[in-house]
1. Looking at segment 107-142 only, could you name the residues that are of a type in the set (A, V, I, L, M, F, W, C) and either over 15 Å from MET1 (Cβ atoms) or not assigned by TED's automatic domain parsing to the domain that holds LEU158 (or both)?
2. Can you tell me which residue among THR106, THR90 is modelled with pLDDT under 95, among the hydroxyl-bearing types (Ser, Thr, Tyr), out of contact with any Ser or Thr (no Cβ under 6 Å at 6 or more places or on another chain) and within 20 Å of HIS208 (Cβ to Cβ)?
3. Scan segment 76-101 for residues that are under 22 Å from GLN187 (Cα atoms) and charged (D, E, K, R) and jot them down.
4. Starting from residues that are in contact with a Phe, Trp or Tyr (Cβ under 7 Å, 6 or more places away or on another chain) and not aliphatic (A, V, I, L, M), keep the ones in segment 9-20 and report whichever is modelled with the lowest pLDDT.
5. Tell me, please, whether a residue that is touching a Lys or Arg at 6+ places or on another chain (Cβ under 7 Å), touching a residue at least 12 places away in the same chain (Cβ under 8 Å) and loosely packed, with under 14 Cβ neighbours inside 10 Å can be found in segment 81-88.
6. Please list, ordered by first then second residue, the pairs with beta carbon atoms under 6 Å, 6 or more apart or interchain, first in segment 21-47 and at pLDDT below 65, second surrounded by 10 or more Cβ atoms within 10 Å (Cβ to Cβ) and not in a helix (DSSP H, G or I).
7. Quick one: how many residues across segment 92-132 are closer than 24 Å to GLU153 by Cβ and surrounded by 11 or more Cβ atoms within 10 Å (Cβ to Cβ)?
8. Only one of LEU193, LEU228, LEU180, LEU198 is hydrophobic (A, V, I, L, M, F, W, C), touching a helix residue (DSSP H, G or I) at 6+ places or on another chain (Cβ under 9 Å) and without any contact (Cβ under 8 Å) to a residue 60 or more places away in the chain; which?
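The values are calculated or read from the model by the stated rules, or taken from the named source; none is laboratory data. For clarity, every value in this text was computed on a predicted model and none was experimentally measured. When we count neighbours, we look across all protein chains shown, and the Cβ atoms used for this are built from the backbone with ideal geometry, even at glycine.
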Amino acid sequence: MIKIENVVLPHEKQWETVIRGMRNPLNSWDKSDSEECRNIFCGDCDGECLPHTNGFIIGSNDLDLMKRLDKAGTEHRKFMRMITVYVDITAPLYWWKEFDTYKVGTVANSCSTMHKIAAKEFTLEDFSCEHLETISRLDEDGEEYKPYMLMKEMIKCLNACRKTFMETKNKTDWWQLIQLLPSSYNQKRTVMLNYEVLANMYHQRKKHKLDEWRTFCEWIKTLPCSELITGEENE
């Protein structure tokens, strides 16, 4: 499970700054054709209209240069690092473990499992368990078990440890929570990304085994000028 919400995209002045910086190496500012739309969302623009900016258009000249620099490689497309995206993501710890391999170009503030793990009772909704089976399996000793029911038992155990910890404030009880907590536990983070790191994520993870990565890559395709990230022209 992954939930992506509260997306904040660059506003008009930020796009203007990105474009101005992109044109600095060739002093080609006079060729910039991005502007505020006079007929907001008319659909007749040559470039790319950005609804979240209340009608700012990336002109065809600027968009063409962006695409050419994008194809020229990372050393030429530094403007991509200047296009920032802020977003709240709720996802399981096993997904965050992979996300954390992208250290350059990301900043995150997370809900703390260390400080707030005992703040509320655990429920099934706190975990990504949509793929757990309810049918019986056999372990190596021939005993039956059901993965979904094991998760429910784990939650009961966590809540029992939590109750004891809340009563005693004993660190031993806190350790039971920390070391028993499954990697399917959902954590929320507010993240700052940029188009360059999103491009790396997209190309490396778009066919990943985890549903969360494939959903994340589909979200990337909804961003303005996403073809700069994906290398795929929008239909």
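1. Passing the criteria: VAL107, ALA108, CYS111, MET114, ILE117, ALA118, ALA119, PHE122, ILE135, LEU138.
2. After applying the criteria, what remains is THR106.
3. Within segment 76-101, ASP88, LYS97, GLU98, ASP100 meet the criteria.
4. Filtering first and then ranking leaves GLU12.
5. No, because not a single residue in segment 81-88 is touching a Lys or Arg at 6+ places or on another chain (Cβ under 7 Å), touching a residue at least 12 places away in the same chain (Cβ under 8 Å) and loosely packed, with under 14 Cβ neighbours inside 10 Å.
6. ILE40/GLY55; CYS45/ILE57
7. 15
8. LEU180
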